[in-house]
Structures are given as C-alpha cells and as structure tokens.
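Structure, as structure tokens:
The values are calculated or read from the model by the stated rules, or taken from the named source; none is laboratory data. Remember, predicted model here, so these are calculated numbers, not experimental data. Glycine also receives a Cβ, built like all others from the backbone with ideal geometry; neighbour counts cover every protein chain displayed.
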Amino acid sequence: MSNRVIDWLESQQDNMLDLLGELVNIDSNSFDKAGVDRVANRLAEFFYAHSIPHETIPITTHGDAMRAVVAGGNGNRPILLCGHRDTVFPKGEVAKRPFRIENGRAYGPGVADMKPGLVINAFILAAFQKFGGHPNPLVGLFTGDEEIGSPTSQDVIIAEAKKARLAFNSEPGRPNGNIVTKRKGGIFCHCEINGVAAHSGGFFEDGRSAIEELARKVQALHALTDLNRGITINVGLIAGGQSVNTVAAEASCGIDIRYRDSDDRADIFEKVRKICTTTSVDGTSSDMVIKGEFHPLNPSPQSVELFDLYVKTAANNGFVVTGEHSGGCADSGFIANVGTPVICGVGPIGGNYHRPDEWMQIDSLSVRAKFIAETILKLATTPTKTGL
C-alpha cells in the first residue's frame with residue numbers, strides 16, 4: 001500500500017497544479033466570507049470525486065470550517081492535516097493578477113500562503129482513501145480566518161487538536177526548503193480614540209484632536225519594540241478624521257504585537273494596553289480590544305521526534321531539510337498549546353508571502369505532498385521514543 005500511495009502522489013503533479021490554479025483564481029480575503037466559502041465548495045467537489053466523507057462547520061461572520069476524514073483503525077487517534085483558505089488580498093485582486101506560471105514558479109494571490117497547502121492536504125487524503133487508509137484516521141481541517149488570528153475557527157482547531165495524535169500544518173515551506181519548528185506568539189489589537197470636532201479655522205480651540213492623540217500613541221507603541229528579546233510592535237493600520245478643515249473627533253489604529261517567549265506575553269500586552277487606554281491630549285478618550293490572538297509554537301520532545309522523522313524522510317529522497325524559527329504566527333500555535341505534537345511550514349516551497357510578487361516553486365507540489373505521506377506511513381511502523 002505504501003508504494004502505491006507515494007507513486008500515485010508523484011503522478012498527480014499536473015492535477016495538483018490545475019487545482020491550485022482554480023483555488024488561486026478565487027478571491028478569498030479573510031473578510032470575504034462568500035469568497036472563502038467558494039474555495040471550500042471547490043474542495044468539496046474534489047472530496048466528492050474521491051469519495052472522501054466531509055462536512056461543513058458553519059461560521060456566521062467568516063468562512064465556514066470544513067472537515068474531511070479518511071477512516072482508520074477503531075480507537076486510534078487521528079492525524080491532523082491543517083490549512084487555511086483565506087488570504088490577505090482584497091476582493092478584485094485576482095482580476096488584476098490571476099494565476100500564472102513563469103520559469104518554474106507560480107504566481108497569484110495566495111499562491112504560497114497557503115492555497116498550495118490546501119491542495120497537497122487534499123491529495124494526501126485522496127491517496128490514502130484510494131489505497132486503503134492508515135491505522136490512524138486522517139482528518140483534513142480547512143479553515144477560513146487564519147490571516148486575522150482565527151477568531152472564529154480557533155475553537156474548531158483546538159477541539160480537533162485535542163483529539164489528534166499529531167498534526168501537520170501545511171503553511172508554505174521556506175524559500176530554502178526548510179520547515180518551521182518555532183513561531184512567535186501574536187496579538188492583533190484595535191485602539192479607538194474619541195475627541196471633539198471643531199472647525200479648524202474659526203473654532204480650533206474648541207476641538208480636541210483624536211488624530212493628535214493617535215500620533216502620540218503610535219510613537220509610544222513603536223518605542224516598545226525590543227529586537228533582542230524578539231518583541232515587535234507594528235501599527236499597521238490607521239484611520240481618522242472627517243475633513244482637512246475639521247479637528248478630528250475620531251481616530252483608530254490596528255496594532256500587531258509579536259513576542260518570542262510565552263513569559264513575555266503578559267508584560268508586553270500590559271504596556272500596550274496602558275498606552276492605548278491612557279490619553280495625553282486633554283478632552284480625548286480611548287479604549288482597546290483584542291481582535292485576534294495566536295499562541296507561540298515551541299518545540300516539545302514529541303514534536304522534535306516528528307520533525308526528525310520528517311527530515312529523515314526528506315533525506316531519503318535526496319533533500320536536506322532543517323527547521324527554522326519564524327516571526328510569523330500560525331494555527332500551529334493553537335495545536336501546540338494543547339500539547340499535540342505539530343510541525344509547520346510543510347507545504348510547498350514559496351516566498352514573498354503577502355506581497356504582489358508572492359511565488360511558489362511548481363515542482364515542490366508533489367514532492368512536499370510525498371514527504372508528508374511518507375512520514376505518515378512511517379508512523380504506522382516506526383517505534384517512537386517519546387510517545388509520539
């Protein structure tokens with residue numbers, strides 16, 4: 001059975017590329033529920049075609065979650081394959097730069113982060129379904145809001161992770177082919193400031209500028225960055241004001257907090273909260289809310305053993321793969337936080353994530369699918385040292 005699974009995946013490179021092109025050519029910004037769900041509908045067609053049972057987990061405000069299952073032995077814990085369908089790109093981006101192939105690379109919105117991960121997860125499920133399954137059930141989880149911190153799918157991910165033996169998160173492989181073994185934690189916050197409107201010429205002194213207060217906060221927030229400790233603060237969005245000749249009554253900003261060590265979370269968050277809720281411009285007020293949050297991904301003895309097994313699999317195929325730390329956050333942090341072994345960045349190789357020149361290495365599609373499948377097959381026969 002093992003050779004048939006691998007041989008079939010190797011033969012599916014062109015079909016994988018075709019499905020990737022279809023998925024990339026669907027706009028699926030995190031706030032475009034209809035678009036994110038259209039990606040799920042296309043995956044559902046794939047699962048129907050390969051007789052893979054699947055279900056939709058309805059979510060009201062963002063893309064639904066989708067769960068596909070290949071049955072295993074009774075009582076055995078599942079192996080979880082994870083991926084998100086949303087991208088950071090706005091609706092209409094596909095019309096500007098649809099999927100294309102050039103010099104061995106594919107381009108388009110989400111072509112690395114992370115629609116190819118969805119493709120290989122789907123084909124891995126199909127391979128095991130076609131050739132008799134695995135002692136452990138395989139569960140594919142396809143969610144819709146990871147790029148904004150998984151605020152609505154987080155509970156679904158955690159519930160599946162608690163049941164799982166281990167997990168693979170098919171975020172993009174690094175440009176050098178490495179995978180991710182450690183990630184920062186992250187908090188996405190929104191700060192809202194209220195001032196007093198006034199005509200900026202005739203009644204300037206009656207106004208209280210929310211924009212001035214915001215400007216002071218931005219400077220104070222960015223001053224919290226400590227690169228030596230792996231702590232960064234980025235005000236990535238700002239808004240405010242009514243017109244150029246009006247003292248601004250409203251302003252707001254979006255704040256990205258990143259930290260390396262779990263022990264740093266409380267301290268840096270409290271410093272950000274204090275800046276956001278304390279005003280220095282008389283007559284203004286402000287508040288802050290958390291919009292999304294990721295846990296850090298830190299290695300455990302079990303995840304290290306899973307990583308070692310994956311690396312040996314790649315080496316047997318002539319590839320050198322090592323682990324990297326990433327400043328980016330991912331759903332793998334939720335999985336690790338509940339004690340489930342997970343490795344991340346096992347998707348096809350790509351680069352320039354979140355940029356117009358984002359790319360994916362075409363020949364890595366079937367190769368990276370094969371690495372995951374071979375690792376899963378080894379888990380059925382290889383004694384583990386850590387209880388993996």
Which one of these is surrounded by fewer than 24 Cβ atoms within 10 Å (Cβ to Cβ), under 21 Å from Asp18 (Cα atoms) and in contact (Cβ under 8 Å) with a residue 40 or more places away in the chain: Phe142, Phe99? Phe99
For Arg42, indicate whether it is out of contact with any Lys or Arg (no Cβ under 8 Å at 6 or more places or on another chain) and either buried (at least 19 other Cβ atoms within 10 Å of the Cβ) or farther than 20 Å from Trp359 by Cα (or both). yes
Filter result (acidic (Asp, Glu) and out of contact with any Phe, Trp or Tyr (no Cβ under 9 Å at 6 or more places or on another chain)) within segment 272-320: Asp282, Asp287, Glu305, Asp308
Hey, Asp37 charged (D, E, K, R), under 23 Å from Trp359 (Cβ atoms) and modelled with pLDDT of 95 or more or not: no
Select from segment 42-59 the residues that are part of a loop (DSSP other than H, G, I, E, B) and either over 20 Å from Thr152 (Cα atoms) or free of Cβ contacts under 8 Å to residues at least 24 places away in the same chain (or both) and list them in ascending order. His50, Ser51, Ile52, Pro53, Pro58
State the number of residues belonging to segment 237-262 that are touching a residue at least 40 places away in the same chain (Cβ under 8 Å) and either in a strand (DSSP E or B) or of a type in the set (Lys, Arg) (or both). 14
If you check Asn74 against the conditions, is it of a type in the set (S, T, N, Q), in a loop (DSSP other than H, G, I, E, B) and surrounded by 15 or more Cβ atoms within 10 Å (Cβ to Cβ)? no
Of the residues Gly140, Gly186, Gly110, only one is at positive phi and outside any helix (DSSP H, G or I); which? Gly110
Counting just the residues of segment 29-41 that are in contact (Cβ under 8 Å) with a residue 40 or more places away in the chain and within 27 Å of Ala127 (Cα to Cα), which one comes out nearest to the chain's Cα centre (by Cα)? Val36
Residues of segment 324-373 classified as under 16 Å from Gly177 (Cβ atoms) and at pLDDT 95 or above, total: 25
Meets criteria (buried (at least 21 other Cβ atoms within 10 Å of the Cβ), among the hydroxyl-bearing types (Ser, Thr, Tyr), at negative phi and assigned by TED's automatic domain parsing to the domain that holds Gly83) for Ser300: no
